[in-house]
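One structure is given below, encoded as structure tokens.
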There are 2 protein chains.
Amino acid sequence: MATITQPISDRSAQRHPEAHEPDVDETTLSALRLWVIMNRAQSAVTAHAAAHVARHGLTLAEFGILEALYHRGPMLLGEVQKRILVSSGGITFLVDRLTAKGLVERRTCDSDRRARYAALTERGQQLVVEMFPTHAQELARVMSGIPIEDQKAATEILKAMGRAAAQMASPEDDR
Amino acid sequence: MATITQPISDRSAQRHPEAHEPDVDETTLSALRLWVIMNRAQSAVTAHAAAHVARHGLTLAEFGILEALYHRGPMLLGEVQKRILVSSGGITFLVDRLTAKGLVERRTCDSDRRARYAALTERGQQLVVEMFPTHAQELARVMSGIPIEDQKAATEILKAMGRAAAQMASPEDDR
DNA sequence: GCTATTATTCTCACCACTGAGATGGTGGCA
DNA sequence: TGCCACCATCTCAGTGGTGAGAATAATAGC
């Protein structure tokens, strides 16, 4: 059965003898809680977005590519890859699949013969035009309970968080 | 090659003739931006957490189970499933694998013979004791650039967001 | 020029996880 | 008591990717 993404709210559950209180300082606890809550929120919102694009026969990664190409124009595969956060193998695979669906085409790059552009076909463009407004509205609907100022505040905080996390090396890397 | 999760910062890129400005209202744009930024942040932070647990030969889902069992004591499989957000098949699969690794065991439930508890073995418990502090510290390190008040503010907003999204039906459901 | 290094995409073996349906157990009700 | 809707878990075929390495092209240093 599909995962029903629901918040856990049994603060009433009594403690089991084999349970252990987490023992960390205030700062660490804050990070830990934010991590858990962010995962839950992301998962719950993603479920809606994924259901929406699935009605059009797409995965979120596929739609992400279409949307990126629509809003930025043709891009090198490597650019698309960084933008939608998939692996190098993944971008080849996804563009292959979108090409098979007739939504995307590869174009050669004159200045670098290793590189390929991905670009929307006519049909791909039509599909984005059709899907994007409802996709965006669906997200707006899901977040409609959160005041705009809060959304913007969260966006700024998460932007800083993502940036910091992305450029931070893992502790092992500096040996 | 692995995905390098990095923020995109080419506001300097000039607009391609085939590009299209997104045309949505302020409210929708806010939701859209939060959605994108949240995904990026989640992905970047997750990469660190996943790398950490991978050094101990675990996936994040596996570690999530161990952690939940450690902090709450033995739980029914269904409870664990809801808590770590995997499918029904997934929880069986993950508990199988953790059992094969000798970290978790299944226990019968006296009051309901359909149900099974998952519980940590001695070794599982040792592993959580060993891993949890560094896992938590790693998250704290990754988020160390974000002031605690911001972390807490983001946590509250995202908690409301997750709750709202989780209990919200998809537009198709009410037919 | 020539070699070493780096960048871009592609190939392919692999994998963590999904989800529809099966299995077996429970409990309410006529 | 027997029926049946419901529930928890399990099975298994399928999927949406990952990531190491190959192939090829560009670039830097000499």
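The values are calculated or read from the model by the stated rules, or taken from the named source; none is laboratory data. Remember, predicted model here, so these are calculated numbers, not experimental data. Neighbour counts run over all protein chains shown; Cβ positions are idealised from the backbone, glycine included.
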- Message: I'd like to know if the range A:48-65 contains one or more residues that are part of a helix (DSSP H, G or I), more than 7 Å from chain B (Cβ to nearest Cβ) and near DNA strand C (Cβ under 10 Å from one of its atoms).
- Response: yes
- Condition met for B:L120 (aliphatic (A, V, I, L, M) and within 30 Å of A:A169 (Cβ to Cβ)): no
- Complete set of residues in the range B:130-162 that are hydroxyl-bearing (S, T, Y) and part of a loop (DSSP other than H, G, I, E, B): B:S144
- Query: Is it fair to say B:G124 is in contact with a helix residue (DSSP H, G or I) (Cβ under 7 Å, 6 or more places away or on another chain), under 30 Å from A:Q151 (Cα atoms) and not charged (D, E, K, R)?
  - Reply: no
- Query: Is it true that some residue in the range A:28-35 is more than 12 Å from chain B (Cβ to nearest Cβ), on the phi < 0 side of the Ramachandran plot and under 17 Å from the mean Cα position of the chain (by Cα)?
  - Reply: no
- For B:T155, state whether it is of a type in the set (V, I, T) and more than 16 Å from DNA strand D (Cβ to nearest atom). yes
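Every residue, every condition in (1) modelled with pLDDT of 95 or more; (2) surrounded by fewer than 20 Cβ atoms within 10 Å (Cβ to Cβ); (3) within 12 Å of chain B (Cβ to nearest Cβ); (4) more than 15 Å from B:E18 (Cβ to Cβ), yes or no:
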position: A:M75; (1), (2), (3), (4): yes, no, yes, no
position: A:V86; (1), (2), (3), (4): yes, yes, yes, yes
position: A:D112; (1), (2), (3), (4): no, yes, no, yes
position: A:L120; (1), (2), (3), (4): yes, no, yes, no
- Please find, among A:L98, A:L94, the residue that is crowded, with 20+ Cβ neighbours inside 10 Å, more than 16 Å from the chain's Cα centre (by Cα), within 11 Å of DNA strand D (Cβ to nearest atom) and of a type outside the set (G, A, S). A:L98
- Query: In the range B:166-175, what residues are at the interface with chain A (Cβ under 9 Å from one of its Cβ atoms), exposed (fewer than 14 other Cβ atoms within 10 Å of the Cβ) and not charged (D, E, K, R)?
  - Reply: B:Q167
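Hey, among the residues in the range B:101-119 that are of a type in the set (G, A, S) and at negative phi, which one's nearest to DNA strand D (Cβ to nearest atom)? Can you show your working first?
Of the range B:101-119, the ones of a type in the set (G, A, S) are B:102, B:111, B:115, B:118-119.
Narrowing further to those that are at negative phi: B:111, B:115, B:118-119.
On the way: B:S111: 11, B:A115: 4, B:A118: 8, B:A119: 12 Å.
Among them, the one singled out is B:A115.
Conditions (1) in a helix (DSSP H, G or I); (2) at the interface with another protein chain (Cβ under 7 Å from one of its Cβ atoms); (3) more than 30 Å from A:K152 (Cα to Cα), marked per residue:
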| position | (1), (2), (3) |
| --- | --- |
| B:F93 | yes, no, yes |
| B:D96 | yes, no, yes |
| B:E105 | no, no, yes |
| B:R123 | yes, no, yes |
| B:V128 | yes, no, yes |
| B:A164 | yes, yes, no |
- With the condition kept exactly as written, say whether any residue in the range B:143-157 is more than 20 Å from the chain's Cα centre (by Cα), more than 7 Å from chain A (Cβ to nearest Cβ) and charged (D, E, K, R). yes
